[in-house]
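What follows is a single structure, written as structure tokens, with notes after it.
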Amino acid sequence: MNKSELVDAIAADAGISKAVAKSALDSVTSNVTKALKKGDKVSLVGWGTWSVSKRAARTGRNPQTGAAIQIKAKNVVKFKAGAGLSDSVN
């Protein structure tokens, strides 16, 4: 499912226009992003939790040449599915 299909589904389920559904989805994604940038966790009980984790710098290999390369440290987003989501998929 892509973003436009999700907007269509939200609009149909909530009985609202696609424009309002798109605005609501954009608001959710931007607020999750803002919270993660601040270093906060975002939890939706029964669905899952987004968090930011620091990945340390490390040495890797160029797959074409085999030469050693340095990979910089960076922050990565993690998502851990909640019990409700996990149970509904199985």
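The values are calculated or read from the model by the stated rules, or taken from the named source; none is laboratory data. Note that the structure is predicted; figures quoted are calculated from it, not measured. Neighbour counts are summed over all protein chains in view; Cβ atoms, including those assigned to glycine, are modelled from backbone coordinates with ideal geometry.
Check whether at least one residue in the range 23-43 is more than 17 Å from the chain's Cα centre (by Cα) and more than 24 Å from Gly84 (Cβ to Cβ), and report yes or no.
Yes, the range 23-43 has at least one match.
Scanning the range 46-61 for residues that are modelled with pLDDT of 95 or more and not charged (D, E, K, R) turns up Gly48, Thr49, Trp50, Ser51, Val52, Ser53, Ala56, Ala57, Thr59, Gly60. Only one entry in Gly46, Gly66, Gly39 is in a loop (DSSP other than H, G, I, E, B) and over 30 Å from Lys3 (Cβ atoms), namely Gly66.
Inside the range 59-90, residues that are among the aliphatic types (A, V, I, L, M) and loosely packed, with under 11 Cβ neighbours inside 10 Å make up a count of 6.
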